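Below is one structure; the comments refer to it alone.
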Amino acid sequence: MGIRALIVDDEKPARDELAYLLGEHPDVEASQADGAEAALAAMAVSRPDLVFLDIRMPGRDGFDVLAEAASLPDVPLFVFVTAFDQYAVAAFEQNAVDYLLKPVAAERLAVSLDRVRRRLAQGRVGLTDALGSLLAGLGRAGGGLARVAVLRHGRIALLPAAEVVLIEADDRDVGALTDQGRFPCHGFPTLTRAEERLTGQPFFRANRAVLVNLERIAELSPWVGGKYLLVMNDPARTEVTVSRNRVRDFKERLGL
């Protein structure tokens, strides 16, 4: 069984060197990403089995990648590749599959791949919890999923949570409403699952069918039957009803 690997590093020579070493292992097929944004996009689309992840990168670093990867439908295995031993040791002690110190030695890479093969044979159960423990141990415990994966123009797009006005469920699917329109969500089979994965982000379950982005509310007012009426700040000024039994929690979230 082949291993689909993704090499994530902002330095091209480092990526190319690791790709060259992986070429000695016929069961490994490697692609590359030059930073956190490219890595998250590639992971959402190609769903690699294994990610070789550099920690120190400009802008969003490797731990930002981990925080969002924990919420993907298929969480990959991670091997940390770093020149900074303190990060590598911390990651390894928190149940990461393995770590490699730069410059990567062919013999050490072979040992790491053997560990990966054994772990893949056991299945991926517990990977999300392992990443959560790792991030907590490094003081990077999550703020929940910061991106929402949607199907747009035949591709999977990763939208910043701030671009999502609301997430709604109907008889067809779970969809995200944005200023550009509504798009089917990828990886959210139910609204409850979306709510779980967006824990820590400014989303609130207004009623059985809608999660609203609290930061996209333009107006709100009491309504009939003890409910609240929300007007969102999208171009259509979409209206959402907060169920009576959710009004108290809603007001607490807003500090009202």
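Points worth noting:
- Using only the C-alpha atoms, the convex hull of segment 3-80 corresponds to 71 Å³ per residue.
- Over all other residues within a Cβ to Cβ distance under 14 Å of residue 190, the charged ones net out to -1, with Lys and Arg as +1 and Asp and Glu as -1.
- A protection proxy built from the mean count of other Cβ atoms within 10 Å ranks the segments 107-115, 163-171, most packed first, as 163-171, 107-115.
- Selection from 161, 73, 175 lying farthest towards where the dipole of the chain points positive, charges on Cβ: 175
- Long-range amide H partners of residue 159 with built H, under 5 Å: 148, 149, 150
- Debye log10 I(q)/I(0) for the chain, one point scatterer per Cα, at q = 0.15 Å⁻¹: -1.02
- In the chain, the longest principal axis of the Cα atoms and the axis of helix 36-46 are about 90 degrees apart.
- Antiparallel bridges, percent of DSSP beta bridges restricted to the chain (to nearest 5): 65
- Phi angles of segment 194-201 translate, via the Karplus equation with coefficients 6.51, -1.76, 1.60 and θ = phi - 60°, into HN-Hα couplings of 4, 4, 5, 6, 9, 4, x, 9 Hz per residue; Gly and Pro are given as x.
- Distances between placed amide hydrogens fall under 5 Å for residue 100 paired with 80, 81, 82, all partners being 5 or more residues away or on another chain.
- Cβ-based charge dipole, the chain, positive-most Cα from 26, 242, 110: 242
- Simple Cβ-charge dipole of the chain, Lys/Arg +1 and Asp/Glu -1, about Cα centre, in debye nearest 20: 980
- Working note: Karplus 6.51/-1.76/1.60 with θ = phi - 60° gives segment 209-226 the couplings 10, 9, 9, 9, 7, 4, 7, 10, 7, 8, 9, 8, 7, x, 9, 5, x, x Hz, where Gly and Pro are set to x.
- Applying 1/(1 + (r/R0)^6) with r as the Cβ-Cβ distance of residue 171 and residue 111 and R0 = 41 angstrom yields a FRET efficiency of 0.20.
- Segment 204-221 and segment 234-252: distance between their alpha carbon centers, rounded to Å: 4
Each reported figure results from applying straightforward, stated rules to the coordinates on display, with no laboratory input. Since the model is a prediction, treat every value here as computed from it, not as a measurement. Every residue, glycine among them, receives a Cβ derived from its backbone with ideal geometry; neighbour counts consider all protein chains shown.
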